[in-house]
């Protein structure tokens, strides 16, 4: 009996019935990971996972995560296991501690099994800039399509059915875009609800911890058991937030959903439009109110430049500690300045250097007002506009990407930049946001995204859960489609 | 088109670029300067206050200042390639 392609709940049921053990499952997952062809792995924790699984003898019936193996994006610190953020500058770096979210998952006896590839240091949206090269999408012909990024390996691994969930991080759409192209659920909660302690910073006020799963309920469950104040991350929310599980099955009747008309108007993929409109009709049939609303196109067009300017500027500071002196992949030099320069020059890829240069440019004294400060002002205009929308609507519903996963080197259609980058609004505002499967287009997944106001995680997950009931795409994985 | 001193920008953040990288960066730079113009087009963009953080709730707190031994010196230095005894060694600064 195979234990791959099962959800958390399905594996848990097998444990409770005594039909298998965590060690059996872990061994099978390791075997599958060793045969993976999509370049999803950084360091592995196979021995530790086997040893931990072997200690799990008495199933905890109330704990869905007992004995569940999971993958970890390699920008989360893992104690004793190399964590290089898919960057050569951190080759060989072994943290002394676990990221807080991993500590909480391990306390529930979930089993981290391997680290996964990402766009270098989380910067990138395609899963092609990590130091190990392209991470592939398991859908389509072998090694022909990107899976998206930056959480590329974590998305590919869950879509392949190796594990039922993985950890990702999201600064612009780094969980929610790959979730769309991999046909899985990708969720990031309200900013500050899950501790970022141990997550490598990209841009702190945009960075979020989140999950990939193959069911909405399981994303909600993972959020429920990992959220909450952490004194090691003083930006976590001190006030306990309400449970998101109790109301997840609430009927849709009366829920108010906004579709941004200017974004739908630029969509060109006919299957996507058809699937989306069909979903809208089903939502209306359930009693939801769905409005196609106008929205200022100048604000939508400002999302990408605002994101790029702010994130490039702030990431310079976040990565200033990568010098090769205290830790990291040092390159020799005749002075400490030369060591730092040589280490950083050899350690960062060209793409990272360009982001740093751009960031440094917009922070120059003579440029700061025209660029960086203006981008922060732009952020206010964007967030205010979406906050105003959330006064009327419970959520915004849109395709998570304008089409299925592009082939390597191919641009994502139709590429006006707006429809490919709008999901960064959820990072600007700290809003909870989730992508889930919408349908298939020539055998390739299409995703739909929902974004709600801060602290409306419960409402967001409720609507997403009901959409999953309507699409019937629970536990979608590549083995089911191919 | 903006003029930039690419070598100075790189030097300030302690990286250097190959000639190919300089060329490629200039191409990307032009693209983003074009993108940035979309911000100028935002109505009233220079009349609002910058938003450095979107959430209004108080998140400040003070913890007790209790000493805690988390890691040994050896552990802390274990990721440095410049360790000698309990020091990180770099080339002489004062020559």
*Tell me, what is the FRET efficiency for residue B:70 and residue A:278 to the nearest 0.05, using R0 = 45 angstrom and their Cβ-Cβ distance as r?*
0.25
*Starting from the Cα-Cα distance between residue A:410 and residue A:250, subtract it from 0.36 nm times their residue separation and give me the gain in nm to one decimal.*
53.5 nm
_Neighbouring partner chain Cβ atoms per residue of B:5-18, average, 10 Å criterion_ = 6
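How much length is gained on full extension from residue A:338 to residue A:35, taking 0.36 nm per residue of separation minus their Cα-Cα distance? Mind showing how you got there, number by number?
On the way: separation 303, 0.36 × 303 = 109.08 nm, distance 4.19 nm.
Here the segment from residue A:338 to residue A:35 would lengthen by 104.9 nm.
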*Grab the beta carbon distance between residue A:285 and residue B:78, set R0 = 56 Å, and tell me the FRET efficiency rounded to 0.05.*
0.40
*Modelled label-to-label distance, residue B:26 and residue A:51, 7 Å Cα→beta-carbon offset: nm?*
5.5
*Taking one equal scatterer on every alpha-carbon of the range B:6-45, how large is log10 of I(q)/I(0) by Debye at q = 0.30, 0.33 1/Å?*
-0.95, -1.03
*Calculate the length of the line joining the C-alpha centroid of the range A:99-133 to that of the range B:40-77, in whole Å.*
23
*So how far apart, in nm, are the two label points at residue B:62 and residue A:44 if each is 7 Å from Cα heading toward Cβ?*
5.1
*Grab the Cα-Cα distance for residue A:391 and residue A:470, subtract it from 0.36 nm times how many residues apart they are, and report the gain in nm with one decimal.*
25.8 nm
*asked:* From the Cα trace of chain B, what convex hull volume per residue do you get, rounded to a whole Å³?
replied: 278
*Stokes-Einstein D for the range A:211-306 at 37 °C, 0.692 mPa s, Kirkwood Rh over Cα pairs, in µm²/s?*
193
_Scaled radius of gyration (Cα, divided by 2.2 N^0.38 Å) that the range A:284-381 gives_ = 1.61
*Suppose R0 equals 30 Å; then what is the FRET efficiency for residue A:442 and residue A:261 from their Cβ-Cβ distance, rounded to the nearest 0.05?*
0.65
*Across peptide A:357-367, what mean number of C-beta atoms from other chains lies inside 10 Å of a residue's C-beta?*
5
*Which value in nm describes the separation of the simple spin-label points at residue A:292 and residue A:239, placed 7 Å from the Cα toward the beta carbon?*
3.8
*Determine one quarter of the surface area of the Cα convex hull of the range A:1-121, which equals its mean projected area, and express it in nm² to one decimal.*
7.6
*Quick one: in the protein assembly as shown, what % of C-alpha pairs are over 32 Å apart?*
44
*Interatomic Cα distance distribution for the range A:368-482, bins of 5 angstrom, percent*: 2, 10, 17, 19, 17, 15, 11, 5, 3, 1, 0
_Taking the beta-carbon count within 10 Å as an exposure proxy, list A:312, A:318 from fewest neighbours to most._
A:318, A:312
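Each reported figure results from applying straightforward, stated rules to the coordinates on display, with no laboratory input. Just so it is clear, the structure is predicted and the values come from calculations on it, not from any experiment. Here the Cβ is made from the backbone with ideal geometry for all residues, glycine too, and neighbour counts use every protein chain on show.
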